[in-house]
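The values are calculated or read from the model by the stated rules, or taken from the named source; none is laboratory data. Source: prediction; values computed, not measured. Cβ placement follows ideal geometry from the backbone for every residue including glycine, while neighbour counts extend to all protein chains displayed. Side chains are part of the model used for accessible areas, which takes the heavy atoms of the whole protein and leaves out ligands, DNA and RNA. Shrake-Rupley method; radii C 1.70, N 1.55, O 1.52, S 1.80 Å.
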Amino acid sequence: MSIDKSKDGRLYTSKVMEHFRNPHHWGKIDDADGVGRVGNPICGDVMYIYLKIKDDIITDIAFETLGCVAAIATSSIATEIVIGKPLKEAWKLTDRDVANALGGLPANKFHCSMLAEEGLRAAIQDYLKKQGRSVDEFK
Amino acid sequence: MIYLDNNATTPTDPEVVKAMLPYFTEKFANPSSIYDIAFKLKGVLENSRKKVAKILKVNSNEIIFCSGGTEADNIAIMGSVLAQKDKGKHIITSSIEHKAVLEVCKFLKKYFDYTITYLPVNSAGVIDLNVLKDSITPETAIVSIMLANNETGVIQPIKEAAEIAHNAGVLFHSDLVQGIGKIPVDISELGIDYGAISGHKFHGPRGIGIMYLRRGAPFTSVIRGGGHENNKRAGTENIPGIIGILKALEISSERISKGASHMAELRDMLQESILEKIPQVLINGKDAPRIPNTLNISVKYVEGESMVFMLDEEGIQVSSGSACTSNSLAPSHVLLAMGLEHADAHGSLRFSLSGETTREDIEKVLEILPPIVSKLRKMSPFAPPEFK
């Protein structure tokens, strides 16, 4: 895990707090082409990801998240990273990419970045399924 | 800064710090030594013990100074059951105890084969005395029930519970940590055999606590060494800490009736105004008697840590029973024991006031909290359309 001086003795990096304070792309897309719903209210973190897709490119994205600071920040940064990207590239986004983009996450919050990866993949999968396609083409 | 996390810790009263200071630098000797400056400190120690005992309405030889609430719980329960190992290996406690009690029970189960009964609580957070009565067996060595819960502030019927235990010939321990300084506590009146008190919860210093040990109650020391504290708890006496906890007790006992009604008034104002301003909020423990400084709420469709951080950005410090704010990644065992849904335990917030909290502080919280809840509900996948 990279060491981020911006943490300045705080639990979260300044990048995490920036995305927590002003999350990008939060909300719902009613006519989404793909929807991913991951997480579990028993664990306290739930993430919904909505995608608009044209020519296999993510043209719009939104998230709804019930969760902690890390869950909201990872949702926000993940949407920021993949918007405008081809699906094939977005599919490759990993939990580590998400955490690194935020300058790191506390060890016990790393699972939140997993939620972003899973949510995005679930949404892509949902889109492909509706198209009668399979994720195998990205593997 | 509006600090509303006084059940976690309190700032040390400047008067307490002032009283302590000479005992770090000038009057620093070890009271066990025999030369003049040390022997005088032995006198200071015993005099302080007498004054503490008087405030707590117990005998001075029933006061054992130790490092804090956690140690007091540990040494009392372990020291009691080990001294009664021939009686039996059964312990009764409640499902809402502090970890300082629960982990001791787990330890005794794992390494010494004790059986533990965890009394349930009702939705208000209170134990059922009939269940306690029915749980006692001839093997029961001790019953341990807290006076006031740290998360909800709910007060347990300790006097009645201790009486039930005693009628069955069983000893009684109570974690008094959250009661002292917030409500008048008369240990003799409660009729307990062992008690735990922590200095830093009522504007005293950290690193000092008191185990109350009723005269004649079975006990063997689990902290062995140089025979300090009448062979009950070894270790060079923390004289600055003892001076500090005495001063804090003196101040709090002087101010308690005024302080308690002040805190209750502000707590009730906070509670009622939150219910007015924020829809779909639960008040946890509202149907039970509570210590006057504590308010625990669950905000539907929102997670606690997010609220804690947003409030912190506005200079308001509170805590939450959400999994994300604990080391265990499990939500509050206290709220789950009261029957709350997991999601509502994750969405809990605890406000714990002090005598220093002002009406302006509460008004500020009431101004800041509703928009935070609205913002997080707008982002929540579970919030109904009216919150979007």
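What is the set of long-range amide H partners of A:Gly34 at a cut-off below 5 Å, with H atoms built 1.01 Å from backbone N?
Long-range HN contacts for A:Gly34: A:Leu51.
Looking at the range B:85-167, which trypsin sites (Lys or Arg not before Pro) are DSSP coil and have at most 13 other C-beta atoms within 10 Å of their C-beta?
B:Lys85
Is it possible to state the helix-based mean residue ellipticity at 222 nm for the protein assembly as shown, with each DSSP H run of 4+ residues giving -39500 (n - 2.57), the sum divided by total residues, to the nearest 500 deg cm²/dmol? What is it?
-13000 deg cm²/dmol
Let me check something: with ligands and nucleic acids excluded, how do A:Trp26, A:Trp91 order by accessible area (1.4 Å probe), largest to smallest?
A:Trp26, A:Trp91
Quick one: Karplus J couplings for the range B:290-301, per residue in order, coefficients 6.51, -1.76, 1.60, θ = phi - 60°, nearest Hz, x for Gly and Pro?
10, 5, x, 9, 10, 10, 10, 10, 10, 9, 4, 6
With +1 on each Lys and Arg Cβ and -1 on each Asp and Glu Cβ, how big is the dipole of chain A about its Cα centre, in debye rounded to the nearest 20?
Once rounded to the nearest 20, the dipole reads 260 debye.
Taking amide H atoms as placed 1.01 Å from N in the peptide plane, list the residues 5 or more away in sequence, or in a different chain, whose amide H sits under 5 Å from that of B:Ile2.
Amide H neighbours of B:Ile2, under 5 Å, 5+ apart: B:Ile316, B:Gln317.
So what is the relative contact order of the range A:10-101, in percent, for Cα pairs below 8 Å that sit 6 or more residues apart?
27
At 1.4 Å probe size, with no ligands or nucleic acids counted, give the accessible surface of A:Asp45 in Å², nearest ten.
Accessible area of A:Asp45: about 10 Å².
What dipole magnitude, in Debye to the nearest 20, does the range B:244-303 give about its Cα centre under +1 on Lys/Arg Cβ and -1 on Asp/Glu Cβ?
That gives a dipole near 80 debye.
Mind giving me the nanometre distance, one decimal, between the label points for B:Ile368 and B:Ser188, set 7 Å out from Cα along Cα→Cβ?
Here the modelled spin labels are 4.5 nm apart.
Just B:Pro331, B:Pro14, B:Pro184 to compare: in a GNM of chain B, with alpha carbon springs under 10 Å, which one fluctuates most?
Result: B:Pro14 has the largest fluctuation of those listed.
Report the antiparallel proportion of the DSSP beta bridges in the protein assembly as shown as a percent, rounded to a multiple of 5.
Here the antiparallel bridges make up roughly 65 percent for the protein assembly as shown.
Each residue of the range B:178-195 in turn: what ³J(HN,Hα) in whole Hz from Karplus with 6.51, -1.76, 1.60 and θ = phi - 60°, glycine and Pro shown as x?
Using θ = phi - 60°, the values come out as 8, x, 4, x, 10, 10, x, 10, 10, 4, 5, 5, 5, x, 8, 9, 9, x Hz.
If you plug each phi of the range B:220-227 into the Karplus form 6.51 cos²θ - 1.76 cosθ + 1.60 with θ = phi - 60°, what whole-Hz ³J(HN,Hα) values come out, in order, with x for Gly and Pro?
10, 6, 9, 10, 9, x, x, x
At what distance in nm do the modelled label points of B:Ser32 and B:Lys258 sit from each other, each positioned 7 Å from its Cα along Cα→Cβ?
4.3
In what sequence, largest accessible area first, do B:Glu139, B:Glu46, B:Glu303 appear using a 1.4 Å probe?
My answer, sorted largest first, is B:Glu139, B:Glu46, B:Glu303.
With label points built 7 Å along Cα→Cβ from the Cα atoms of B:Phe24 and B:Ala83, find their separation and express it in nm.
Result: 3.5 nm between the two label points.
What dipole magnitude, in Debye to the nearest 20, does the range B:260-388 give about its Cα centre under +1 on Lys/Arg Cβ and -1 on Asp/Glu Cβ?
Here the size comes out at about 320 debye.
Which cross-chain or sequence-distant (5 or more) residues have an amide H under 5 Å from the amide H of B:Ser144, H modelled 1.01 Å from N in plane?
HN-HN under 5 Å from B:Ser144: B:Ile92, B:Thr93, B:His173.
Averaging sequence separations of C-alpha pairs under 8 Å and six or more residues apart, then dividing by the length of chain B, give the relative contact order as a whole percent.
That works out to 21 percent.
Mind ranking B:Lys50, B:Lys247 by accessible surface for me, highest first, 1.4 Å probe?
Solvent-accessible surface, decreasing: B:Lys50, B:Lys247.
Just checking the output field for A:63-75: average partner chain Cβ neighbours within 10 Å of each residue's Cβ?
6
Would you mind telling me the antiparallel percentage of the DSSP bridges in chain B, rounded to 5?
Roughly 50 percent of the DSSP beta bridges within chain B come out antiparallel.
Please give me, ordered by residue number, the chymotrypsin sites (Phe, Trp or Tyr not before Pro) of the range B:1-69 that lie in loop per DSSP and have at most 13 other Cβ atoms within 10 Å.
B:Phe28, B:Tyr35
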